[in-house]
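Chemist: Would you mind keeping the following structure in view while I ask a few things?
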Amino acid sequence: MPRKKVLFLCTGNTCRSQMAEAIVNARLGERWQAHSAGVQPAAAINPYTGKALAEIGIVHLGEPKHPDVFRDETFDLVVTLCDDAAENCPVWLGPGRKEHLGFPDPATSRGSEEQIMPIYRQVLKDIATKVPALLEREFNPAAS
């Protein structure tokens, strides 16, 4: 069976969408191929994102991209990950079913690394729980 394709969208493509892409490709890669993008992509992934992923054994070498990179691709599912209360979520006009899972942006955290890393860990933990559950429902509706 061919793998399904999922695109994760957020604002800067430096934290949440990169975490989701990394989790899916590392843990569900036999069934899903994940990509990510942001409507205002930054120059590089936030270094705390890589640190949080490394703590759970995932090495992710992605880079921020604009959704236009995927304009001609078809996705089975497109998931926005922004926090509705604080941000404007990107809109995907291409094909694919759309879902939203809201997570706070850890990139807005301020303070020392000791203060910031727990925020990244919590967002990663939430993404690592909620995103695979969403994909499992999409891949295996009988499991819902």
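The values are calculated or read from the model by the stated rules, or taken from the named source; none is laboratory data. Treat the numbers as computed from the prediction; the structure is a model and nothing was measured. Cβ sites come from the backbone with ideal geometry, for glycine too, and all protein chains shown count toward neighbours.
Chemist: Does L28 satisfy the criteria of being in contact with a Leu (Cβ under 7 Å, 6 or more places away or on another chain) and of a type outside the set (V, I, T)? Spell out how you get there, then give the answer.
Modeler: On the way: in contact with a Leu (Cβ under 7 Å, 6 or more places away or on another chain): yes; of a type outside the set (V, I, T): yes.
Yes, satisfied.
Chemist: Also: Quickly run through segment 25-69 and pick out the residues that are in contact with a helix residue (DSSP H, G or I) (Cβ under 8 Å, 6 or more places away or on another chain), polar (S, T, N, Q) and in a loop (DSSP other than H, G, I, E, B).
Modeler: N46
Chemist: Okay, moving on. Report whether or not T49 is among the hydroxyl-bearing types (S, T, Y), surrounded by 14 or more Cβ atoms within 10 Å (Cβ to Cβ) and either at pLDDT 90 or above or over 23 Å from P118 (Cβ atoms) (or both).
Modeler: Judged against the criteria, T49 is a match.
Chemist: In this structure, is D72 more than 22 Å from P132 (Cα to Cα) and assigned to a loop (DSSP other than H, G, I, E, B)?
Modeler: Against the criterion (more than 22 Å from P132 (Cα to Cα) and assigned to a loop (DSSP other than H, G, I, E, B)), D72 qualifies.
Chemist: Now, a different point. Here is a check on your reading of the model: is L7 closer than 14 Å to G96 by Cβ and within 12 Å of the chain's Cα centre (by Cα)? Break it down stepwise before answering.
Modeler: Details: closer than 14 Å to G96 by Cβ: yes; within 12 Å of the chain's Cα centre (by Cα): yes.
Yes, satisfied.
Chemist: State which residue is nearest to D72 (Cα to Cα) when the search covers only segment 1-46 and only residues that are crowded, with 24+ Cβ neighbours inside 10 Å and of a type in the set (S, T, N, Q).
Modeler: That would be S36.
Chemist: What residue, among those in segment 94-144 that are among the acidic types (D, E), more than 16 Å from V6 (Cβ to Cβ) and surrounded by 12 or more Cβ atoms within 10 Å (Cβ to Cβ), is modelled with the lowest pLDDT? Don't jump to the end; show me each part of the working.
Modeler: At the first step, the residues of segment 94-144 found to be among the acidic types (D, E) are 99, 105, 113-114, 126, 136, 138.
Restricting the remaining residues to those that are more than 16 Å from V6 (Cβ to Cβ) gives 105, 113-114, 126.
Next, from what is left, pick out any that are surrounded by 12 or more Cβ atoms within 10 Å (Cβ to Cβ): 105, 126.
Working: D105: 91, D126: 97.
Going through the qualifying residues, I end up with D105.
Chemist: (1) closer than 19 Å to D126 by Cα; (2) modelled with pLDDT of 95 or more: which one isn't true of P64, the others all being true?
Modeler: (1)
Chemist: Check Q18 against each of (1) in a loop (DSSP other than H, G, I, E, B); (2) modelled with pLDDT of 95 or more; (3) of a type outside the set (D, E, K, R) and name the one condition it does not meet.
Modeler: Of (1) in a loop (DSSP other than H, G, I, E, B); (2) modelled with pLDDT of 95 or more; (3) of a type outside the set (D, E, K, R), only one is false for Q18: (1).
Chemist: Please go through segment 37-85 and give me each residue that is of a type in the set (D, E, K, R), touching a residue at least 40 places away in the same chain (Cβ under 8 Å) and under 24 Å from K98 (Cβ atoms), ordered by number.
Modeler: Residues of segment 37-85 of a type in the set (D, E, K, R): 51, 55, 63, 65, 68, 71-73, 76, 83-84.
Still in the list and also touching a residue at least 40 places away in the same chain (Cβ under 8 Å): 51, 55, 65, 73, 76.
The answer is K65, E73, D76.
Chemist: Run down V69, V91 and say which single residue is closer than 16 Å to F8 by Cα, exposed (fewer than 14 other Cβ atoms within 10 Å of the Cβ), of a type in the set (V, I, T) and at pLDDT below 90.
Modeler: V91
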